Amino acid sequence: MMSKSIISSAIVILLSACSKQQTYENIQADRTRDCNKILHDSERAECLRGSGVLYKDYKREREKLLNTTSKD
């Protein structure tokens with residue numbers, strides 16, 4: 001019985017991690033689409049720079065910020 005509980009918990013944790021990444025990537029895709037609607041080249045390029053952050057880079061930066069603020 002205990003092993004079913006552990007397995008269920010592990011599955012929930014793994015699925016939530018996947019859904020966070022999918023949510024982030026969907027938001028980034030929406031942002032990229034919005035950026036591509038901008039007519040001025042320089043403004044579009046600036047917008048696209050911000051929408052091109054990979055999830056692993058976002059997660060690493062987020063963890064770094066969380067660890068910095070929790071130590072204060």
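I want to confirm something. Restricting to the range 14-57 and keeping residues that are surrounded by 11 or more Cβ atoms within 10 Å (Cβ to Cβ) and among the basic types (Lys, Arg), which single residue is modelled with the lowest pLDDT?
20
Could you please let me know if residue 11 is aliphatic (A, V, I, L, M), at pLDDT 90 or above and surrounded by 10 or more Cβ atoms within 10 Å (Cβ to Cβ)? Full working, then the answer.
Values: aliphatic (A, V, I, L, M): yes; at pLDDT 90 or above: no; surrounded by 10 or more Cβ atoms within 10 Å (Cβ to Cβ): yes.
In short, no.
When residue 65 is evaluated against the numbered criteria (1) among the hydrophobic types (A, V, I, L, M, F, W, C); (2) out of contact with any helix residue (DSSP H, G or I) (no Cβ under 9 Å at 6 or more places or on another chain); (3) at pLDDT 90 or above; (4) surrounded by 11 or more Cβ atoms within 10 Å (Cβ to Cβ), which criterion, by number, is the only one it fails?
Single failed check for residue 65: (4).
The values are calculated or read from the model by the stated rules, or taken from the named source; none is laboratory data. The model shown is predicted, which means the values in this text are computed figures rather than measured ones. Every residue, glycine among them, receives a Cβ derived from its backbone with ideal geometry; neighbour counts consider all protein chains shown.
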